[in-house]
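Notes follow the structure.
Each reported figure results from applying straightforward, stated rules to the coordinates on display, with no laboratory input. As the structure is a prediction and not an experimental result, all values here were calculated from the model. Cβ: placed from backbone, ideal geometry, glycine included. Neighbour counts: every protein chain shown.
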Amino acid sequence: MKLTANIDLREVVPKSFWEAKKHRAVRFIDAGLVMAAQWMMRRYKWDSIMINDWMYGGQSEQRGLRIPGQKLYRGDGAHDTGRALDIIPRRGDENARDLVAEFHEHAATYPRLYFANNIWRIETIQLAPTWIHIDSIIWPDQKEVAFIDMTTRYSPQVYMEMMKKDGIC
């Protein structure tokens, strides 16, 4: 079941969940976040993105919704409520790390653009160096995208300085 031009529902749910729910699984996914992933594909002219690949014979099934019994399920995380995606971008033969760095630099430069497209939190590149974690968890005072690691929330300005210091941009 296609959710957008390039994203199938099976790409954002685990195999066992798809087998149990089929098209009803859509009720457990943040549609705005899936549309944001599609917007990112167009914005960056990526050839494709990979979220879960179990339906193509791959092993990945925890990059979208996570369910009880899965190794990465916590019970209170954004993935556990269908409000997070881990995306691996692809464009030609470019290195995923380079595409991820390009994304982070642009998001830190134009944070309100991402916020307006339903991307409210992005894990730092230090935490997610070869994929892009986006989610739609929002804080009451938030007006632009926030960059997060396991313990800290960074403003786009502070995050840009961190990336410059680390030689990422």
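Restricting attention to region 76-89, does a residue exist that is small (Gly, Ala, Ser), exposed (fewer than 15 other Cβ atoms within 10 Å of the Cβ), over 19 Å from Thr130 (Cβ atoms) and in contact (Cβ under 8 Å) with a residue 24 or more places away in the chain?
Checked region 76-89: no residue is small (Gly, Ala, Ser), exposed (fewer than 15 other Cβ atoms within 10 Å of the Cβ), over 19 Å from Thr130 (Cβ atoms) and in contact (Cβ under 8 Å) with a residue 24 or more places away in the chain.
Those residues that are within 17 Å of Ile119 (Cα to Cα) and acidic (Asp, Glu), I need them from region 143-167; list them, please. Answer for region 143-167, where residues must be within 17 Å of Ile119 (Cα to Cα) and acidic (Asp, Glu): Glu144, Asp149. Residue count for region 45-59 under the criterion of being surrounded by fewer than 16 Cβ atoms within 10 Å (Cβ to Cβ) and either under 19 Å from Thr130 (Cα atoms) or among the hydroxyl-bearing types (Ser, Thr, Tyr) (or both): the result is 7. For Ile67, the criteria (1) touching a residue at least 12 places away in the same chain (Cβ under 8 Å); (2) assigned to a helix (DSSP H, G or I) hold in every case but one, which is (2). Of all residues assigned to region 104-113, at least one qualifies as being free of Cβ contacts under 8 Å to residues at least 40 places away in the same chain, surrounded by fewer than 13 Cβ atoms within 10 Å (Cβ to Cβ) and not aromatic (Phe, Trp, Tyr).
Could you check region 87-169 for strands (runs of 3 or more DSSP E) lying wholly inside it with 1 or more residues that are more than 24 Å from Arg42 (Cβ to Cβ)?
On the way: elements: 121-123, 132-135, 146-148.
Of the strands (runs of 3 or more DSSP E) lying wholly inside region 87-169, those with at least 1 residues that are more than 24 Å from Arg42 (Cβ to Cβ) span 146-148.
For region 48-66, the set of residues classified as farther than 24 Å from Trp139 by Cα and either of a type in the set (Val, Ile, Thr) or within 16 Å of the chain's Cα centre (by Cα) (or both) consists of Ser48, Ile49, Met50, Ile51, Asn52, Asp53, Ser60, Glu61, Gln62, listed by residue number.
When each of Tyr44, Tyr73 is tested for being out of contact with any Leu (no Cβ under 9 Å at 6 or more places or on another chain) and aromatic (Phe, Trp, Tyr), the lone residue that passes is Tyr73.
Does region 8-23 include one or more residues that are touching a Ser or Thr at 6+ places or on another chain (Cβ under 7 Å), outside any helix (DSSP H, G or I), within 15 Å of Leu85 (Cβ to Cβ) and of a type in the set (Asp, Glu)? So that I can check it myself, show each step before the final result.
Restricting attention to region 8-23, the residues satisfying the condition of being touching a Ser or Thr at 6+ places or on another chain (Cβ under 7 Å) are none.
Checked against the condition, which is being touching a Ser or Thr at 6+ places or on another chain (Cβ under 7 Å), outside any helix (DSSP H, G or I), within 15 Å of Leu85 (Cβ to Cβ) and of a type in the set (Asp, Glu), region 8-23 yields no hits at all.
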